[in-house]
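Step one of this worksheet: look at the structure below.
The values are calculated or read from the model by the stated rules, or taken from the named source; none is laboratory data. Owing to the predicted nature of the structure, the values given are computational and were not obtained by experimental measurement. Every residue, glycine as well, gets a Cβ built from its backbone with ideal geometry; the counts of neighbours run over all protein chains shown. These accessible areas exclude ligands, DNA and RNA; they are computed on the full protein's heavy atoms, side chains included. Shrake-Rupley method; radii C 1.70, N 1.55, O 1.52, S 1.80 Å.
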Amino acid sequence: MFSGQRNSEWHSRARRPVTLTRVKTRRIVIALTSAGLVAGALTSLGAAQAAGTWSTPIVISPAGQDGTSPRVTSSTDGRNLVSAWTAQSGLDSRAVAAFSTDHGASWSDGTTINPPGSAASSLQLAGSQDGRRQHAVWRDFDTADSSTRIRVASFNLDNKDVLPARGWSDPVLISDPAIRAQDPDVATSADGRRVTVAFHQGTGADDRVLVRTSDDFGATFSPAVTVAASGADTSSIHVVSSSDGSRLAAVWEDRTAVSVIRASLSRDFGTSWTVPQSLSRADQDSFNPDVFITSDGSRMVAVWQRSVSGTERLIEESASTGGAWDAAEVVSTPGQSSINPDITGAANGSTSTVVWANETLRQVQASHATGTTWSGPVNVSEAGSQVFQPAVAASVDGSRVSAVWQRAGTSRQIISNDSSDAGATWNTDVAVSAASTTVGNPDLAAASNGFRFAATYSRSDGSNNRVEASSFLEAQPQSIDFAQPAALVLAGGAKTLTATATSGLPVSFATSTPGVCTVAGDQVTPVGVGSCAIVARQSGNQEFQPAPEVTRIVTITGGPAARKPQRLQCAQTPPRKLKRQGTVTVLPRGCRTTAGQKVSVTVTGKRKDLRNIQVVKRGGKTAIRTFGKRVRVTVTYRAPATSGFAKFKKVRTYRT
């Protein structure tokens, strides 16, 4: 999914996360049944208190208007968020959007994106992976001719400071203005370039599910393609996209005598679609479909609720790998009333998680699948109050899952819970919103790592319903890679230490053995012989927990053992002075060092002195011949080192 994703799927709707967010419009079916707990009620709740926290909610819609049905998308890093909602004031109904570029810490003012003289509803939202491209679709009621039309507007974050549109394009009309159109949904590719809009147009025998696509970020759209000519009362259309936009899946509800869930697939960017397949039973009503798709489009999973009786409603699922859909499988508990399913999953399809409201138990419940095997239901929320409208989102690997929902009763609030094992177990309920007389329409989006979530919902301020936004953050773990430093020599000087943290944050160093070594920055300096303990640390920040410290022990030695000096040994001691004229032997034959090494001689001096001497090397001896001039030269004696002796060097000055 993408920024609107909800999780692994390439969702492109405003609601969930991971790669695309997407949101869905729901037909809320509320049947107030007995609140008594059934025997053997499921218990997979309260495994641990959630380590993260929800921020203080921020009101993002203006006063004096009713903000309803907000949608939210998130970039994969959770930094760029976009929310869109319907703002109502009297008979005026507008599609409004706002954005945040700081993880939801602050939000822009709302921008109206539908044209004047129209009333917006059924708004949906999809975003790119980086959150910089967004696409909103809605139904407009034209007050001039009472027609209902589908319009799309696209957002470019690069133009966010350009007034008055703040990055939003002019709306594009994509339905036939002469025919009633409604129930739109939108999906997008990872980069936001490819946009798919599904809606139904017409009534009765002329009712059709249509798709229009764009490959230029929503600037222009292809002609409408008929996905289904159902001749039925169609509603609850949802469309999802693979990350490249080539593979698409659409599900919807068709109602004639019975409401049936149908699905169709495309493998060519929406150019053609498979013959619609009925997923649900033909003899019992089914409602509220949802669908998710893997990032490569190789697997789709659809969920819905089926009405067995007035007190029994079941959550069912069906999957497809690009061909026929599997037979429906029940994932909720038979004999109970379960409604309003919402689904998410890993980008590669390894896990799937669906949540729903259980009216019988008055709890939110979940079931998760590893591959194609579904677990039994587990409780997500605490029991006691009626719950409505659960929404779910997940990390890109599907392991970290969060859900939000509306809790009714005397304290009406938006509540959340999270799971770190793909929904197998859940933590403890936490409040996202303050209590209010009216609160609802929660939506949820996730960053790809699942340690950040963003929620939007509407809540009464006493006069109007206002859209609020809150962000969840849990610091994620990190580790340090600190390679073992090489042994050090006491006189070897400072050496550079190297370590990295998986968070990318800088690593600091310290020593617990200051008598053996000192540490300054990334430099370690030996000051004594022994074991030097070096500790690598990363203290973390808002995003990352402190890393476990890593200690390395470095051995410091005194270096090689001191070697003895060599001395010159000659049978005849060389003279200390040259003759004014004549020859003087400066290195007699047979001279060696005390280590037995041969000795070499070099003679140096000023040019005028060297012109008046002659160096004679013959028969193992070295002599200097002078010719009556005053001279001064330097004679250097050298011998190489041995295993027990240092190298030999001796310098003498000779003059006449």
FRET efficiency, Val162 to Thr226 (Cβ-Cβ, R0 30 Å, nearest 0.05): 0.20
Charge context of Gly409, other residues only, Cβ under 12 angstrom, K/R +1, D/E -1: +2
Cα shape, segment 337-394, gyration tensor, a/c 1.5 rule: prolate
Backbone N under 17 Å from the Asp170 label point (7 Å along Cα→Cβ), restricted to segment 79-121: 112-118
Above-threshold pairs, the threshold being 27 Å between Cα atoms, out of Lys629/Lys649; Lys495/Lys650; Lys577/Lys617; Lys577/Lys649; Lys579/Lys649; Lys577/Lys608: Lys629/Lys649; Lys495/Lys650
Ratio Rg/Rh, restricted to segment 414-557 and using Cα atoms, in which Rh is the Kirkwood radius: 1.28
Projected-area average for segment 196-324 over all orientations - Cα convex hull basis, square nanometres: 7.8
Rounded percent of accessible protein surface that carbon and sulfur make up, segment 493-643, 1.4 Å probe: 49
Shape parameters for segment 512-656, alpha-carbon atoms, Rg then Dmax in Å: 27.9, 88
Paramagnetic reach from Thr573 (point 7 Å along Cα→Cβ, amide N under 20 Å) across segment 620-637: 622-624, 635-637
If the convex hull is drawn through the Cα atoms of segment 360-456, its volume per residue in Å³: 92
Given charges at beta-carbon only (K, R positive; D, E negative), |dipole| of the chain in Debye: 10360
Cβ-Cβ FRET estimate between Ser375 and Asp326, R0 fixed at 30 Å, reported to 0.05: 0.95
Of all DSSP beta bridges in segment 146-259, antiparallel share, percent nearest 5: 100
Sequence of Cys570, Cys532 when ordered by accessible area, the most exposed leading, probe 1.4 angstrom: Cys570, Cys532
Kirkwood Rh, Cα atoms: Rg over Rh of segment 140-246: 1.00
Burial ranking of peptide ranges 545-556, 439-450, 91-102, 325-336 (average Cβ count within 10 Å, highest at the top): 439-450, 91-102, 325-336, 545-556
Carbon/sulfur fraction of accessible area - segment 291-341, other protein chains in place, 1.4 Å, %: 50
Using a Förster distance of 45 Å, the FRET efficiency for Lys495-Leu610 (Cβ separation, nearest 0.05): 0.45
Environment charge at Leu173 (Cβ cut-off 12 Å; Lys +1, Arg +1, Asp -1, Glu -1): 0
Approximate spin-label separation Gln284-Ala178, in nm, with each point projected 7 Å along Cα-to-Cβ: 4.4
Mean accessible surface per residue for the chain, computed with a 1.4 Å probe while every protein chain stays in place, in Å²: 40
Spacing of the two label points (7 Å from each Cα toward its C-beta) at Ser55 and Thr502, in nm: 2.6
Extension gain (nm, one decimal) between Arg592 and Arg652, 0.36 nm per residue minus Cα-Cα: 19.9 nm
Percent of Cα-Cα distances greater than 16 Å, calculated over segment 242-309: 49
